[in-house]
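Contents: one structure, followed by commentary.
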């Protein structure tokens with residue numbers, strides 16, 4: 001969904017820049033002449049030179065909904081069409097800029113508290129540096145921190161009690177498998193990875209390794225730490241942790257008769273916005289239809305069937321049979 005921008009995107013990029021400038025900055029500077037006359041789509045597109053275009057990327061799911069502009073390791077611009085904000089697009093663009101383009105810092109308008117909060121939620125912190133642009137625009141510098149990490153945990157971990165509490169509060173009662181039972185099922189193929197923020201355990205992943213697969217069974221963030229931008233950051237850490245392994249997960253499918261469709265759509269969008277793709281395969285577990293998604297386009301179906309057969313030997317009620325839908 002994130003690709004390099006082309007000349008055909010210029011008018012759309014310019015439109016997003018103009019709309020965001022007016023919405024985000026006019027309220028602070030109240031310069032009607034600039035924001036509603038001098039600032040226009042035609043001129044912004046015309047002034048967007050070839051060097052800038054080379055360093056611009058867009059979020060495109062059929063409609064271009066967001067953009068980033070980088071310069072070396074600096075994030076120069078990040079804008080999302082207002083109608084599509086709060087859908088994970090900004091976090092996906094920022095995550096791409098950090099992981100793929102290696103950006104580490106940026107300037108943000110001092111008055112833009114919402115934007116600064118967004119960057120803080122996604123791992124940036126204020127450095128204390130302040131710069132006045134054009135003699136009257138105050139900017140603050142933010143730099144990427146390494147405040148989050150994954151740590152492999154054992155049944156003797158000093159944080160085991162916290163791990164148990166997160167597990168018990170993150171899932172519905174009928175979905176809970178105790179941490180002790182998870183450790184007991186380990187045949188040398190299970191990773192319980194603690195998600196740490198500033199040395200504090202805030203969540204965990206449960207992953208089974210098999211050949212070139214990393215099968216994600218559980219992903220939990222403690223309730224008090226949700227909606228703070230940790231999800232995308234930790235999921236990208238997981239992808240880095242397993243390198244070339246294909247991450248596979250099953251999620252509740254979306255269909256006309258399903259309950260809680262909004263939650264299902266939100267969850268699916270989270271994974272798709274963080275680099276996962278639909279395999280087109282489905283299965284049933286406990287009378288619930290699940291969609292299989294993975295971390296690259298070439299689903300390793302044979303290995304997936306082999307690992308689920310192994311899981312069946314541990315949990316006899318798990319009897320997956322893959323199928324495709326007729327559309």
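The table below gives the values:
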item: Residue that is nearest to residue 314 (Cα to Cα) [pool: residues in the stretch 167-181 that are surrounded by 13 or more Cβ atoms within 10 Å (Cβ to Cβ) and in contact (Cβ under 8 Å) with a residue 40 or more places away in the chain]; result: 177
item: Any hit, the stretch 124-147, residues being exposed (fewer than 12 other Cβ atoms within 10 Å of the Cβ) and within 22 Å of residue 194 (Cβ to Cβ); result: yes
item: Qualifying residue in the stretch 183-205 (condition: part of a strand (DSSP E or B), in contact (Cβ under 8 Å) with a residue 60 or more places away in the chain and over 18 Å from the mean Cα position of the chain (by Cα)); result: no
item: Residues of the stretch 90-139 satisfying the condition of being within 20 Å of residue 276 (Cα to Cα) and in contact with a helix residue (DSSP H, G or I) (Cβ under 7 Å, 6 or more places away or on another chain); result: 90, 91, 92, 95, 99, 122
item: Subset of the stretch 148-166 [surrounded by fewer than 16 Cβ atoms within 10 Å (Cβ to Cβ), in contact with a helix residue (DSSP H, G or I) (Cβ under 8 Å, 6 or more places away or on another chain) and part of a loop (DSSP other than H, G, I, E, B)]; result: 154, 155
item: Failed condition for residue 230, given (1) more than 24 Å from residue 181 (Cα to Cα); (2) more than 16 Å from the chain's Cα centre (by Cα); (3) touching a residue at least 24 places away in the same chain (Cβ under 8 Å); result: (2)
item: Residue 270 over 20 Å from residue 298 (Cβ atoms), modelled with pLDDT of 95 or more and surrounded by 16 or more Cβ atoms within 10 Å (Cβ to Cβ); result: no
item: From 43, 61, residue being over 22 Å from residue 142 (Cβ atoms) and modelled with pLDDT under 90; result: 43
item: Exclusive hit being over 16 Å from the mean Cα position of the chain (by Cα) and farther than 28 Å from residue 187 by Cα, set 259, 286, 244, 317; result: 259
item: Residue 29, sole failed condition from (1) more than 22 Å from the chain's Cα centre (by Cα); (2) closer than 25 Å to residue 141 by Cβ; (3) buried (at least 17 other Cβ atoms within 10 Å of the Cβ); result: (3)
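Residue-wise test of (1) at pLDDT below 90; (2) over 19 Å from residue 202 (Cα atoms).
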residue: 79; (1), (2): no, yes
residue: 88; (1), (2): yes, yes
residue: 131; (1), (2): yes, yes
residue: 134; (1), (2): yes, yes
residue: 141; (1), (2): no, yes
residue: 156; (1), (2): yes, no
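Conditions tested, residue by residue: (1) surrounded by fewer than 17 Cβ atoms within 10 Å (Cβ to Cβ); (2) over 30 Å from residue 1 (Cα atoms).
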| position | (1), (2) |
| --- | --- |
| 286 | yes, yes |
| 290 | no, no |
| 296 | yes, no |
| 302 | yes, no |
| 306 | yes, yes |
| 313 | yes, yes |
| 319 | yes, yes |
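The values are calculated or read from the model by the stated rules, or taken from the named source; none is laboratory data. The shown structure was predicted, so the numbers you read here are calculated from the model rather than taken from an experiment. Note that each Cβ is placed from the backbone with ideal geometry, even for glycine, and that neighbours are counted across all protein chains shown.
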